[in-house]
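Scroll down for the structure; my scribbles are underneath it.
Any read-out appearing in this document is the output of simple, stated calculations on the displayed coordinates, not a laboratory observation. Quantities reported herein were computed from a predicted structural model and do not represent experimental measurements. For neighbour counting, all protein chains shown are included, and Cβ atoms are generated from backbone atoms with ideal geometry for every residue, glycine included.
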């Protein structure tokens, strides 16, 4: 385990309110977060239809994770599997799964599933290579 997470503890999360780390979850009842997860400041998570974040996930600052999109009426659970990393300013759309150990580059628009062990980025996102 990294020294960075040596003293990790589950943050207090109140519906629609900033955590002490300056990120927010709307619809708290649909939110599940694993151990040693790091969510960057000013990230917004709407968990109305479920958002599950696995262990050791890293999410950059200023990201948006939506389980519902009122613009196009999409809805569905978002699943960020263990050890994945999401670059800052990325948007994760409803119903998307990001696989274990995968990396999503900064400023990506993730509107489809990302398999395990790959690197992906872009608008819209595309897999660019298997992760070494």
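Structure summary
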item	result
The range 71-92: number of residues that are surrounded by 22 or more Cβ atoms within 10 Å (Cβ to Cβ) and either part of a loop (DSSP other than H, G, I, E, B) or in contact (Cβ under 8 Å) with a residue 40 or more places away in the chain (or both)	2
Condition check for residue 14: in a loop (DSSP other than H, G, I, E, B), surrounded by fewer than 21 Cβ atoms within 10 Å (Cβ to Cβ) and either without any contact (Cβ under 8 Å) to a residue 24 or more places away in the chain or in contact with a strand residue (DSSP E or B) (Cβ under 7 Å, 6 or more places away or on another chain) (or both)	yes
